[in-house]
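Please read the structure below before turning to the comments.
The values are calculated or read from the model by the stated rules, or taken from the named source; none is laboratory data. Everything numeric in this text was worked out from a predicted model, so none of it was measured. Methodologically, a virtual Cβ is constructed for each residue, glycine included, from the backbone with ideal geometry; neighbour enumeration extends over all protein chains shown.
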Ligand code: GDP
Ligand code: CA
């Protein structure tokens, strides 16, 4: 296969991509050769503006992870990070103080913001940032338009009993501990795919939905008008890997947001939510973890090829084995 396209969020997607590139470079994934090219369509609905800076957490997580700049322990932000800017802002009493804005990381946001203000679209800015990091993939934002996920949360102090916060506030400040009532993706319906996004899907030999958040990562990418159409018309197989293992997200907040969206928190629930391409959905195949082997018949019954294999991304070798299983599933 020459071209593989992955629809990615931040940490789950980046970890998966690291394993995919490992499999390619070590020729350990049948079907993928050393010249296989990977294009990543990155979620931008987590993006926010803070202290005058445009922050793109998922694009940066992919870029830093694949470019060797990530703090591996945290899974986000720069390694060997210091926090003087954050401390100085707090000393001025400037809100928000809960967002982790590291000194090294700030340089990325400064470059990005300056370029955006000079009139470059996010896709061009991302390409420029990647020239430093050489992530080994083509990284495309899903859209150049401003799209932001907001979460409606229960708030007994508000007259309406609820309050709407930016996704980052829900996740970082509230730690997703407050019940979520609804997820609203502001600007999504009127957004257009960034240059290259549709072509990356229609021209791919394989499209992968990695174990990324089905609501606020893959869900928002699928919501960009034109992306679903590209997935239904591509000649490539579309295969996904469940981010839900044994009825729960491995790390993150998918449980809360799936519940708010009315999707069952299970490997089968997410696969059926994406649906079979043969009946208007996006999947040809769906891998579930061995703990969820009993989900396979229901998925197959819905027209989705399914199999159960270990899906914990413990290291690059284990993740590359997941890629092999995904390809095998849709190559039969
Ligand atoms: P985020 O943008 O940083 O939240 O990252 P993503 O959206 O790309 O991925 C987050 C999701 O990845 C989580 O909600 C988990 O469900 C899933 N995840 C994380 N680690 C693993 C793993 O080792 N195996 C599987 N199957 N899923 C994982
Ligand atoms: Ca994210």
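Key figures for this structure:
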| item | result |
| --- | --- |
| Index of the failed condition, residue 39 passing every other in (1) farther than 17 Å from residue 77 by Cα; (2) within 10 Å of ligand 1 (Cβ to nearest atom) | (2) |
| Any hit, the stretch 48-57, residues being within 12 Å of ligand 1 (Cβ to nearest atom) and either assigned to a loop (DSSP other than H, G, I, E, B) or at pLDDT 95 or above (or both) | yes |
| Selection from the stretch 153-179 of residues that are part of a strand (DSSP E or B) and within 16 Å of ligand 2 (Cβ to nearest atom) | 165, 166 |
| Selection status of residue 248, assigned by TED's automatic domain parsing to the domain that holds residue 220 and either out of contact with any strand residue (DSSP E or B) (no Cβ under 9 Å at 6 or more places or on another chain) or at pLDDT below 95 (or both) | yes |
| Residue match in the stretch 301-311 (condition: in contact with a strand residue (DSSP E or B) (Cβ under 8 Å, 6 or more places away or on another chain) and surrounded by fewer than 18 Cβ atoms within 10 Å (Cβ to Cβ)) | yes |
| Qualifying residue in the stretch 10-24 (condition: without any contact (Cβ under 8 Å) to a residue 60 or more places away in the chain, more than 24 Å from residue 242 (Cα to Cα) and away from ligand 1 (no atom under 16 Å from the Cβ)) | no |
| Selected residue [away from ligand 2 (no atom under 16 Å from the Cβ), in contact with a helix residue (DSSP H, G or I) (Cβ under 8 Å, 6 or more places away or on another chain), without any contact (Cβ under 8 Å) to a residue 40 or more places away in the chain and farther than 21 Å from residue 243 by Cβ] from 88, 81 | 81 |
| Test: residue 187 is more than 10 Å from ligand 1 (Cβ to nearest atom) and more than 17 Å from the chain's Cα centre (by Cα) | yes |
| Residue 250 being surrounded by fewer than 24 Cβ atoms within 10 Å (Cβ to Cβ) and more than 23 Å from residue 2 (Cα to Cα) | yes |
| Search result, residues across the stretch 122-140 that are surrounded by 16 or more Cβ atoms within 10 Å (Cβ to Cβ) and in contact (Cβ under 8 Å) with a residue 60 or more places away in the chain | 122, 123, 126, 129, 130, 133, 135, 136, 137, 138, 139, 140 |
| Residue 106, sole failed condition from (1) within 16 Å of ligand 2 (Cβ to nearest atom); (2) surrounded by 17 or more Cβ atoms within 10 Å (Cβ to Cβ) | (1) |
| Unique match (being away from ligand 2 (no atom under 16 Å from the Cβ), crowded, with 17+ Cβ neighbours inside 10 Å and under 20 Å from the mean Cα position of the chain (by Cα)) among 40, 4, 29, 62 | 4 |
